[in-house]
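To start, the structure under review is shown below, and the notes come after it.
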Amino acid sequence: MPNEKKFVKRVRKSKRNGEDDRKGAKKGTLGKKTKKTKAHQADPFNVAARFAKIEKAKKINKPIVEDDLDKQSVPRAFKDMQAAREKMKLAEVEGKNKKAVNHPSGVSRIEAESNKLGFQKKYNEDDRQLVRRVAYESNQAIEEQAMLAKFGMAGRSQKEINKDMQDIKDTKQRKKDVKKQLHERRIANIKTKEEKVAKEKEALKLKRRRSKMSAEEIAEEEKELAIAASKQAKLDKPKVVVPTSRFKINEWEKEEDIPHREFKKMIEKSDKLGRVNDARINVKEKIKFNEVVSEPPKFSKALVQTLLKKSKQKSFGGRVTL
């Protein structure tokens, strides 16, 4: 069958050069060097350096002299540490010298001048930040004084300024109150006019209707209207507004700001008192099984003895159970 496809199992080839297999070895034949060596340039006339190198190489495995056996050489790490310490000391000395050059007291000239003006340098502040802070605060003070001079308040005490501000606030409040009163008055006038017109219309309707009615019917209607008016008067009677708060708040306490924790304690206390009062109101006498409500009280032995000692009596009206 020539048209059939033959599925051939492909065998993975593995060669050293890695052409057919990606995971194979690097390209190149056996024995070829991968590292490239290159001769370094050297001065052929520098004979002293060449001889010094040879001498250094000879000393590498040279045995220790007998005199040096008891001596312990200083480690290189310790030497490096000592050198770093010396550098730090030099840097500190140089910094102190620089400060001393700027000002004889050891501080910078900027800091000395700012101290004279009353600006103390903060512990985490450098000279640049100090200059910026001084400039900002001084500009702010100048702007404040310029604003006071602009509105004619310069050279006045804070009490006088506060008094003027309070007068301005009072005048504004008075204007608002007057405006509010006028508005309320206008609304009241409109309402009275509307009520008057409505009453006139109602009276006219009643007159027209009564013109067609008999005297008995008119008397009966007047009686019904009187009853309805009395009922409406009872409904229109102002009700006593019960305060929603559980506490009786005085007039002077309304503006008082009570802390949240204290307010919570007050609520818990009032709730507890309410529960106690409810329990007193709704208390029920517990009557055991096979007992009567009108039965005389029963006293315990200890209670009877105490009562006998106190009253020095031998008999009681009630039944005693010992």
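Just so you know, all these numbers are worked out from the coordinates, no wet-lab data involved. Bear in mind that the values here come from a model prediction, so they are computed numbers and not experimental data. Please note: Cβ atoms are built from the backbone with ideal geometry, for glycine as well, and neighbour counts cover all protein chains shown.
Available extension along the chain between ALA48 and ILE168 is 33.2 nm, counting 0.36 nm per residue and deducting the alpha carbon span. Computed extension length for LYS223-ARG156: 16.5 nm, one decimal, from 0.36 nm per residue of separation with the Cα-Cα distance subtracted.
In terms of distances greater than 25 angstrom between alpha carbons, the cross-link table entries LYS196/LYS234; LYS87/LYS121; LYS150/LYS172; LYS59/LYS79; LYS150/LYS179 yield LYS87/LYS121; LYS150/LYS179. Under the simplified labelling scheme, the ARG128-ALA279 pair shows an inter-label distance of 7.3 nm, with each label point 7 Å from Cα along Cα→Cβ. Once the Cα-Cα distance is subtracted from the 0.36 nm per residue extended length, the LYS310 to GLU144 segment shows a gain of 51.2 nm.
Taking Lys and Arg as +1 and Asp and Glu as -1, the other residues whose beta-carbon sits under 12 Å from that of LYS176 total +4.
Count Lys and Arg as plus one, Asp and Glu as minus one, and take only other residues whose Cβ is under 12 Å from that of ALA188; the net charge is then +1.
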